[in-house]
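One structure is given here, and the rest of the page talks about it.
Coordinate-derived values only; no laboratory data. What you are looking at is a predicted structure, and each value in this text was computed from that prediction instead of being measured. Counting neighbours? That spans all protein chains shown, and the Cβs are built from the backbone with ideal geometry, glycine included.
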Amino acid sequence: MTIPTLTLCRTCRNADPTLPDQLREAITGAGLDVKLQQVDCMSGCKRPQTLSVRQAGKTAYLFGEVSTADIPDILTFLRLFAETKDGNLADARPLDGLRFKALARIPADFD
């Protein structure tokens, strides 16, 4: 079974250079099995700093305007995402403000 991959844009305008380390520390502290990587530009420039979450066989998500204040909601998202078979959340309300930062939900392959 694969694990979720979080991809964080590191070149967004006004990107918080502390976000990757704080997010990594929070994920580790929460005991979540997640890969965190950074890339140059994810084309979410109108709503920086962008974060994607994807895992084989599950719906992928792209969030914008992510900050360190969203870390607790990101951890909640990751726990709920892990509990789903297909990545679709039945109720986004537990995500608090993060649910309003979703830019895209990309369906998984139907293989």
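Where the only charges are on Cβ atoms (+1 Lys, Arg; -1 Asp, Glu), what is the dipole of the chain about its Cα centre, to the nearest 20 debye?
Dipole of the chain, to the nearest 20 debye: 260 debye.
As a test of the formula, what do you get for the chain when each DSSP H run with n ≥ 4 contributes -39,500 (n - 2.57) and the sum is divided by the residue count, at 222 nm and rounded to the nearest 500 deg cm²/dmol?
Roughly -6500 deg cm²/dmol at 222 nm, from the helical runs in the chain.
Cα to Cα, under 17 Å, and not fewer than 8 places away if on the same chain: which lysines meet these conditions relative to Lys35?
Lys58
Enumerate the amide H contacts of Thr59 below 5 Å, restricted to partners 5 or more residues apart or on another chain; note that Pro and chain-start residues carry no placed amide H.
Gly87, Asn88, Ala108
Cys12's amide H: which non-local residues (gap 5+, or another chain) put their own amide H closer than 5 Å, with H modeled 1.01 Å from N in plane and none for Pro or chain starts?
Cys41
Antiparallel DSSP bridges in the chain: what percent, to the nearest 5?
70 percent
Apply the Karplus curve 6.51 cos²θ - 1.76 cosθ + 1.60, θ = phi - 60°, to the phi angles in region 72-79 and return the couplings in whole Hz, x for Gly and Pro.
Those phi angles translate into x, 6, 5, 4, 4, 4, 4, 5 Hz.
Towards the positive end of the charge dipole of region 5-106, with charges on Cβ (+1 Lys, Arg; -1 Asp, Glu), say which of Gln55, Ile106, Thr11 has the farthest Cα.
Among Gln55, Ile106, Thr11, the one farthest towards the positive end of the dipole of region 5-106 is Ile106.
Which loop trypsin sites (Lys or Arg not before Pro) in region 26-99, with loop taken from DSSP, have no more than 15 other Cβ atoms within 10 angstrom of their Cβ?
Qualifying residues, ordered by number: Lys46, Lys85.
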